[in-house]
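Student: Before anything else, here's the structure in question.
All of the numbers you see were taken from the coordinates with simple rules; none came from a lab. Quantities reported herein were computed from a predicted structural model and do not represent experimental measurements. Glycine also receives a Cβ, built like all others from the backbone with ideal geometry; neighbour counts cover every protein chain displayed.
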Ligand code: ATP
């Protein structure tokens, strides 16, 4: 039997690295954190990294990659990994990479992503091809905007053009999406190709500035001061869903995995997240999928209420990844989970 101790787990020091590395250590792996110079403190203080490789910029990943290969490190990609290295460059990663690279192409392109999610029978907010068609509240999203910065709302073509004037320089592609009035719910999943089973790991909602503070100000003051809603992500808040919604949550996740298997070789596996809004009719409108671990799992380093039901030990998403890797190594199926 192959020995998992021959392998190490590595990730970039940001996003969900603390739980990835802590989870890996809990499973018995040695860990490596690649940190920006000056940002090593959390990884030292929380004692999650056996080794820290410092770089001036995460873009230098390819310069230190050989070290990872020499150490037999398996790299765990997270949101910042893809954001800093670039969805296209990720295809050139030569170190052992956990998760499917092929699916990234479907996730990072809005129209491909939409096709995938529609194929999975999910409900999606309506998309408007032209601002002249706006006939209801819409949210305007800039492509590649970090953390929802600059997004704005409009109710009509006139309002759209009025607000759009504020972005004269923009060459970004924009997406005009129906604005769903309801509560945001981000559903965290894990799909194992080793057992063919989908697990629901937990849920969160985002804590966004200033969207989550506007309700603290009277409507009159909001108007007087001319506050514009922004969605800069600052943290994540755990939530527990009404239990009767759970069957639908499982079904949605399974459909997304099934649909992904028609798109790429191995399809989607490992952790992923459906991001959407549940409206008063309990319809769940999904506006995005993240095909990897999301920061919304960070409140659950000690496990979520849902992982507690399945595991009699703390099971973060980071630890679940490490467990999967360990099982794959020991059963000689590593090729099934590396992409
Ligand atoms: P990510 O970093 O995940 O790519 P983003 O920058 O693309 O995020 P979104 O997550 O798409 O931003 O959206 C930012 C905010 O806007 C979130 O609070 C989300 O709940 C809200 N939002 C996005 N789309 C809709 C929609 N169609 N209806 C209502 N609210 C929406």
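Student: Rg/Rh for the range 39-134 to two decimals, with Rh computed the Kirkwood way over all alpha-carbon pairs. Numbers along the way, then the final one.
Tutor: Numbers: Rg = 18.4 Å, Rh = 16.4 Å.
Answer for the range 39-134: 1.12.
Student: Just to be sure I understand: with springs between alpha-carbon atoms less than 10 Å apart, which residue in 243, 71, 254 has the highest mean-square fluctuation in the Gaussian network model of the chain?
Tutor: Answer for the Gaussian network model of the chain: 243.
Student: Could you check which residue among 305, 193, 247 shows the biggest mean-square fluctuation in a GNM of the chain with a 10 Å Cα cutoff?
Tutor: Ranking 305, 193, 247 by mean-square fluctuation puts 247 first.
Student: For helix 317-330, what angle does its Cα long axis make with the longest principal axis of the chain, in degrees from 0 to 90 and rounded to 10?
Tutor: Taking Cα atoms only, the helix is inclined about 40 degrees.
Student: Continuing with the same structure: Starting from the Kirkwood Rh over alpha-carbon pairs, what translational D in µm² s⁻¹ does the chain have by Stokes-Einstein at 37 °C and 0.692 mPa s?
Tutor: Result for D is 155 µm²/s.
Student: Springs between alpha-carbon atoms under 10 Å, Gaussian network over the chain: tell me which of 179, 284, 98 tops the mean-square fluctuations.
Tutor: 179
Student: Over the chain, what is the relative contact order in percent, taking alpha-carbon pairs closer than 8 angstrom and at least six residues apart? Display every interim value, and only then the final one.
Tutor: Details: 651 pairs, mean separation 75.8, N = 339.
Averaging sequence separation for qualifying contacts and normalising by length gives 22 percent for the chain.
Student: Averaging over all projection directions, find the projected area of the Cα convex hull of the range 216-317 and quote it in nm² with one decimal place. List each step's numbers first, then the result.
Tutor: Details: hull surface 37.6 nm².
Mean shadow area of the hull around the Cα atoms is 9.4 nm².
Student: Mind giving me the nanometre distance, one decimal, between the label points for residue 66 and residue 245, set 7 Å out from Cα along Cα→Cβ?
Tutor: Going from the residue 66 label point to the residue 245 one covers 5.1 nm.
Student: Right, here's the next one. How many nm is it between the label spots at residue 336 and residue 254, if each spot is 7 Å from the Cα in line with the beta carbon?
Tutor: A separation of 1.9 nm, rounded to one decimal place.
Student: How large, in Å, is the range 189-273 by the Kirkwood hydrodynamic radius built from its alpha-carbon pairs?
Tutor: Computed over the range 189-273, the radius equals 15.8 Å.
Student: In degrees between 0 and 90, to the nearest 10, how far off the longest principal axis of the chain does helix 61-70 point, with axes built from Cα atoms?
Tutor: 30 degrees
Student: Sorted from largest down, what three extents in whole angstroms do the Cα atoms of the range 22-76 have along their principal axes?
Tutor: Rounded to whole Å, the extents work out to 29, 25, 14 Å.
Student: Please tell me the relative contact order of the range 128-254 in percent, rounded to the nearest whole number, where contacts are Cα pairs under 8 Å and at least six residues apart.
Tutor: About 25 percent, as a whole number.
Student: Calculated from DSSP H runs of 4 or more alone, at -39500 (n - 2.57) each and per residue, what is the 222 nm mean residue ellipticity of the chain, nearest 500?
Tutor: -8500 deg cm²/dmol
Student: Moving to a separate point now. What is the spin-label model distance, in nm, from residue 207 to residue 37 if the labels are put 7 Å beyond Cα along the C-beta direction?
Tutor: Simple spin-label model gives 3.3 nm for this pair.
Student: Apply the a/c threshold of 1.5 to the C-alpha gyration tensor of the range 257-339 and tell me whether it is rounded, prolate or oblate. Write out the running numbers ahead of the final one.
Tutor: Details: a/c = 2.51, a/b = 1.23, b/c = 2.05.
Here the range 257-339 falls in the oblate category.
Student: Calculate how steeply helix 246-260 sits against the longest principal axis of the alpha-carbon atoms of the chain, using the helix alpha-carbon long axis, and give the answer as 0 to 90 degrees to the nearest 10.
Tutor: Approximately 70 degrees, to the nearest ten.
Student: With the contact rule set at Cα under 8 Å and sequence spacing of 6 or more, what percent relative contact order holds for the range 241-290?
Tutor: The value is 24 percent.
Student: Would you mind pulling out the separation of the Cα centroids of the range 272-287 and the range 241-267, in Å?
Tutor: The distance from the Cα centre of the range 272-287 to that of the range 241-267 comes to 13 Å.
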